[in-house]
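The values are calculated or read from the model by the stated rules, or taken from the named source; none is laboratory data. These numbers were taken from a predicted model, which means no experiment stands behind them. Glycine gets a Cβ as well: all are built from the backbone with ideal geometry, and neighbour counts include every protein chain shown.
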Amino acid sequence: MIVITGSGGLIGGEAARYFCSKGRDVVGIDNNMRAYFFGKDAGTKWNQDRLAGEYPKRFKAMTVDIRDADKINKIFGKYNRHISCVIHTAAQPSHDWAAREPQTDFTVNANGTPNLLEATRIPSLCPVWN
């Protein structure tokens, strides 16, 4: 099982496609926040839906915000011993946008990452690495 954050985006989506095509199961975490950052037409839900359609037995789309530690912990708790890799590509990518909402930018880019690190560190959530 591979956990990929930002799985609706370009890099995360291609990573999900690659691993699914190689017969690996993927949990794709994406909350479509890109639509909030850049408008409805820039959203990523379409890519999550496409991956789920292309790989219905391999790709599991999860609409979760990486800043929500409880939900991240539930995902890791559910798949714990099956997780062999975490690919973290979720981010707020625009410097211009960051200047308009620095708190949101910081929480996505800085606070989300420790949530994922903690989920991999806590033995009851991800015992395979502990």
If I filter segment 48-55 for residues that are of a type in the set (Asp, Glu), part of a helix (DSSP H, G or I) and farther than 17 Å from residue 8 by Cβ, do I get at least one hit? no
For segment 36-47, which residues satisfy the criterion of being basic (Lys, Arg) and either surrounded by 11 or more Cβ atoms within 10 Å (Cβ to Cβ) or under 12 Å from residue 13 (Cα atoms) (or both)? 45
Taking the condition under 23 Å from residue 117 (Cα atoms), free of Cβ contacts under 8 Å to residues at least 60 places away in the same chain and assigned to a helix (DSSP H, G or I), does residue 13 pass? yes
Just name the residue that is surrounded by the most Cβ atoms within 10 Å (Cβ to Cβ) out of those in segment 56-82 that are touching a residue at least 60 places away in the same chain (Cβ under 8 Å) and part of a helix (DSSP H, G or I). 76
If you take the residues of segment 29-66 that are of a type in the set (D, E, K, R), at pLDDT 90 or above and touching a helix residue (DSSP H, G or I) at 6+ places or on another chain (Cβ under 6 Å), which of them is nearest to residue 19 (Cα to Cα)? 58
Set 2, 11: member being crowded, with 19+ Cβ neighbours inside 10 Å and either at pLDDT 95 or above or of a type in the set (A, V, I, L, M, F, W, C) (or both): 2
